[in-house]
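Here is the structure we will look at.
The values are calculated or read from the model by the stated rules, or taken from the named source; none is laboratory data. Just so it is clear, the structure is predicted and the values come from calculations on it, not from any experiment. Reconstructed Cβ throughout: ideal geometry from the backbone, glycine too, with neighbour counts over all protein chains shown.
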Amino acid sequence: MAAVVPSGDAPVVVELGPGTGSLSRAVSARMPSAGRHIAVELDPGMADYLRTRLPWLEVVEGDAAELDQLLANAGVGSVDAVISGLPWSIFPADAQHAILHQVGGMLAPGAAFTTFAYLHALGMSGARGFRRRLDENFDEVLTSRTVWRNAPPARIYTCRRPHR
Ligand SMILES: C[S@@+](CC[C@H](N)C(=O)[O-])C[C@H]1O[C@@H](n2cnc3c(N)ncnc32)[C@H](O)[C@@H]1O
């Protein structure tokens, strides 16, 4: 998922739902030193945990459904990659759509959005609806092979060219 982080210049990379920060470390490993790595986390306790454990991470506490406002407050107008660990399949359809719409609105031309779905949950209605909404929101949606080494196994979606 971190492969969408540009390896040069000074990119702005946004992570949604960083949780305990396991993905944040992989993103950070690719981040050019001049870039900004911003993590948007809804849960205040998790946000505090991240600030303590990953002091190099720019943690923004808030709802990904308000991404444009949160990033505007951070002085960011567009981003070079969005990487999501959000639990999409348990979100209602309108929340999925609202967040995807926000993500699409923030991506710079050529920028990518990545997220994942657990293999065991692909049949859930929330996961099937989410997959449809990716197509509704992006011109290109690429699905990886199953990553069996992940626990639990998962597939990665890489999306580009949002429908504005
Ligand atoms: C499945 S966990 C992320 C797992 C992460 N990869 C890790 O290693 O811990 C999902 C995270 O998304 C956060 N979250 C849920 N809804 C959110 C929202 N609307 N905006 C931002 N963060 C949200 C949760 O608080 C949680 O920390």
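Tell me the residue from 39, 117, 64, 98 that is of a type in the set (A, V, I, L, M, F, W, C), modelled with pLDDT of 95 or more, more than 10 Å from the ligand (Cβ to nearest atom) and within 28 Å of residue 164 (Cβ to Cβ), please. Write out each step before concluding.
Working: 39 fails: more than 10 Å from the ligand (Cβ to nearest atom); 64 fails: more than 10 Å from the ligand (Cβ to nearest atom); 98 fails: more than 10 Å from the ligand (Cβ to nearest atom).
So the residue among 39, 117, 64, 98 that is of a type in the set (A, V, I, L, M, F, W, C), modelled with pLDDT of 95 or more, more than 10 Å from the ligand (Cβ to nearest atom) and within 28 Å of residue 164 (Cβ to Cβ) is 117.
The single condition from (1) under 15 Å from residue 128 (Cβ atoms); (2) surrounded by 20 or more Cβ atoms within 10 Å (Cβ to Cβ) that residue 90 fails is (2). Exactly one residue among 62, 85, 35 is under 19 Å from residue 133 (Cα atoms) and surrounded by 13 or more Cβ atoms within 10 Å (Cβ to Cβ), and that residue is 85.
Just one of the numbered conditions (1) under 16 Å from residue 107 (Cα atoms); (2) in contact with an Asp or Glu (Cβ under 7 Å, 6 or more places away or on another chain); (3) within 16 Å of the ligand (Cβ to nearest atom); (4) not aromatic (Phe, Trp, Tyr) is not true of residue 18: (1).
Take segment 26-76 and flag every residue that is touching a residue at least 24 places away in the same chain (Cβ under 8 Å) and part of a loop (DSSP other than H, G, I, E, B). Write out each step before concluding.
Going residue by residue through segment 26-76, those that are touching a residue at least 24 places away in the same chain (Cβ under 8 Å) are 26-32, 34-42, 46, 49-50, 53-54, 56-57, 59, 64-68, 70-71, 74, 76.
Those that are touching a residue at least 24 places away in the same chain (Cβ under 8 Å) and part of a loop (DSSP other than H, G, I, E, B): 31, 32, 34, 35, 42, 54, 56, 57, 74, 76.
Within segment 6-25, residues that are more than 20 Å from residue 68 (Cα to Cα) reach partners that are of a type in the set (Asp, Glu) and within 6 Å of the ligand (Cβ to nearest atom) with beta carbons closer than 9 Å, at six or more positions or on different chains, in the pairs 19/41; 19/43. Each residue in segment 80-89 was checked for being near the ligand (Cβ under 9 Å from one of its atoms) and in contact with a helix residue (DSSP H, G or I) (Cβ under 7 Å, 6 or more places away or on another chain), and 2 pass. Do you know which residues across segment 119-164 are small (Gly, Ala, Ser) and in contact with a Ser or Thr (Cβ under 6 Å, 6 or more places away or on another chain)? Selection gives 121, 126, 127. Condition (residue is farther than 21 Å from residue 20 by Cα, part of a loop (DSSP other than H, G, I, E, B) and of a type in the set (Ser, Thr, Tyr)) applied to segment 121-136: is it met by at least one residue? No - not one qualifying residue is present in segment 121-136. All told, residue 103 meets the bar of being in a helix (DSSP H, G or I), in contact (Cβ under 8 Å) with a residue 60 or more places away in the chain and either out of contact with any Leu (no Cβ under 9 Å at 6 or more places or on another chain) or more than 24 Å from residue 151 (Cα to Cα) (or both).
How many of the residues in segment 1-25 are assigned to a loop (DSSP other than H, G, I, E, B) and surrounded by fewer than 21 Cβ atoms within 10 Å (Cβ to Cβ)? Quick ask: steps written out before the conclusion?
Residues of segment 1-25 that are assigned to a loop (DSSP other than H, G, I, E, B), as a first pass: 1, 5-11, 17-21.
Narrowing the set further to residues that are surrounded by fewer than 21 Cβ atoms within 10 Å (Cβ to Cβ) leaves 6-10, 17, 19-20.
So the answer is 8.
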